[in-house]
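Engineer: Before we start, here is the structure in question, set down as structure tokens.
Readers should treat all values here as calculations from the given coordinates under stated rules, not as data from a laboratory. What you are looking at is a predicted structure, and each value in this text was computed from that prediction instead of being measured. Cβ atoms come from the backbone with ideal geometry, glycine included; neighbour counts cover every protein chain shown.
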Amino acid sequence: MHPQPLEGKTKTIEQGPMPGTVRLVAKDTLTAGDAAKVAVLHKIGTHKTMQAANTFAYLNSESIPTAFLTNDTPDSLVCYDCDMLPIEFVVRRYAWGSYLKRNPAYAGATPHRFDIPVWEMFHKHAVVAAPTAPMTTMMPENEARSRYLSEDGWADGIYTDPYIRMGDDDRWHLYSAKADQATAEPLLNIPAPLTEAELEHIVYTIIMPAFMALESAWERVQTAHGPVRLADIKFEIGRRKSDKQLILADVVDNDSWRIWPGGDPAKGLDKQAFRDGDPLSQVTENYALVTELTKTFV
Ligand SMILES: Nc1ncnc2c1ncn2[C@@H]1O[C@H](COP(=O)(O)OP(=O)(O)O)[C@@H](O)[C@H]1O
Ligand SMILES: [Mg+2]
């Protein structure tokens, strides 16, 4: 299926050991700011692999369909080969991160907790617009990166991970993920890549149940500050090539969520410390701890 290895930001995809499978080989790389910031950390790929294996094994045991099959080397996962949807699904228990840019009314000293988790979608392709491009178009993020990311950061008019709002017209409207949604104008609209029924299936039988299961698993983890609160999480969905079924794919690891011991964002054990420029030794220590904690899931 993948005779040529496929290079991503954080992993390489190789042909798997059985037909219909791929091997996801983790790199020792962390990225932030849509890869504007990159660092190599010793053994981080092994930690991310173990975290993903523990997380997906747990979700499989909770009858949530994932692509994960086995973890037979320290830095790789064997998964069903999927056609990936170019969409990131985010589920939030707390209003935090970029959500506050889109919805500034939720900003406050302590994070707002949603009684029912909120879900959002972001497109994995970048929108390329004025003043850098004469016409508004979309392109894969790696192409946008090679053209428009320099030492000075992203060029103006490049919108990575654009926020998706469904129109009444069967089209998806794309917005800057950083713009206040009360006043933002759409950058572009595209034909919906999923039917309403498929989207409903993804939301109510995959991502919401996966969030609830992982939230419970983290609540069972006790720390000196109290139980760990799952604040938010990013999921990717694939269509298994063998039977076209929609399943949870890519990985869920410590890059994918915000986890707050005792519900305190300042004590977070996830990738936020890396985004915020904390010492890399601290970041590595957090990843090692999270690997240990995810062992309690199954
Ligand atoms: N089960 C799977 N089957 C096929 N492709 C997958 C699977 N899981 C992840 N991928 C793909 O592997 C590629 C590499 O992953 P990653 O390094 O995270 O890339 P990216 O830079 O796009 O985030 C991505 O294009 C991702 O969609
Ligand atoms: Mg990725």
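Engineer: If one computes the Cα centroid of the stretch 226-287 and of the stretch 1-39, what distance in Å separates the two points?
Structural biologist: 17
Engineer: Would you work out the charge dipole size for the stretch 184-272 about its Cα centre, treating the Cβ of every Lys and Arg as +1 and the Cβ of every Asp and Glu as -1, and quote it to the nearest 20 debye?
Structural biologist: Charge dipole, the stretch 184-272, about its Cα centre: 260 debye, nearest 20.
Engineer: Can you compute the FRET efficiency between residue 72 and residue 288 using 1/(1 + (r/R0)^6), with r the Cβ-Cβ distance and R0 = 22 Å? Round to the nearest 0.05.
Structural biologist: 0.55
Engineer: Let me ask another. When the label point is put 7 Å from the Cα of residue 118 along its Cα-to-beta-carbon vector, which residues of the stretch 255-273 have a backbone N closer than 16 Å?
Structural biologist: Flagged as within label range: 258.
Engineer: Out of every Cα-Cα pair in the chain, what percent are more than 25 Å apart?
Structural biologist: So the pairs more than 25 Å apart make up 50 percent of the total in the chain.
Engineer: Moving to a separate point now. Report, in debye and to the nearest 20, how large the dipole of the stretch 120-191 comes out about its Cα centre when Lys and Arg carry +1 and Asp and Glu carry -1 on their Cβ.
Structural biologist: Charge dipole, the stretch 120-191, about its Cα centre: 140 debye, nearest 20.
Engineer: What's the percent breakdown of Cα-Cα distances in the stretch 205-277 across 10 Å bins, shortest bin first?
Structural biologist: 19, 43, 26, 10, 2
Engineer: Normalise the Cα radius of gyration of the stretch 134-280 by 2.2 N^0.38 Å (N = residues in it) and let me know the number.
Structural biologist: 1.26
Engineer: Are any of the pairs 101/295; 9/244; 43/178 more than 31 Å apart by Cα-Cα distance, and if so, which?
Structural biologist: Long pairs (Cα-Cα over 31 Å): 101/295; 43/178.
Engineer: Let me know the Rg and Dmax you get for the stretch 1-136 when you use only its Cα atoms, in Å.
Structural biologist: 18.2, 52
Engineer: So how strong a dipole does the chain carry about its Cα centre when Lys and Arg Cβ are +1 and Asp and Glu Cβ are -1, to the nearest 20 debye?
Structural biologist: Using only the charged Cβ atoms, the result is roughly 400 debye.
Engineer: Could you give the nm distance between label points at residue 103 and residue 192, where each point is 7 Å from its Cα heading toward the beta carbon?
Structural biologist: Taking the simple label geometry, residue 103 and residue 192 are separated by 2.1 nm.
Engineer: Give me the one-decimal nm value for the distance between modelled label points at residue 267 and residue 296, 7 Å along each residue's Cα-to-Cβ direction.
Structural biologist: For the pair residue 267/residue 296, the computed spacing is 1.3 nm.
Engineer: Compute from the Cα atoms of the stretch 120-191 the Rg and the Dmax, the latter being the longest Cα-Cα distance, and quote both in angstrom.
Structural biologist: That works out to 12.1, 40 Å for Rg and Dmax.
Engineer: Assuming a ≥ b ≥ c are the square roots of the Cα gyration tensor eigenvalues, decide whether the stretch 1-72 counts as rounded (a/c under 1.5), prolate (otherwise, with a/b larger than b/c) or oblate.
Structural biologist: Taking the square roots of the gyration eigenvalues as a ≥ b ≥ c, the stretch 1-72 is oblate.
Engineer: Over the stretch 68-130, one equal point on each Cα, no solvent: what is log10 I(q)/I(0) by the Debye formula at q = 0.26 Å⁻¹?
Structural biologist: For the stretch 68-130 at q = 0.26 Å⁻¹, log10 I(q)/I(0) is -1.08.
Engineer: Continuing with this model, one more query. Could you give me the percent of Cα pairs per 10 Å distance bin for the stretch 151-217, shortest bin first, beginning at zero and ending with the bin that holds the maximum distance?
Structural biologist: Taking every Cα pair in the stretch 151-217, the percentages come to 18, 33, 33, 15, 1.
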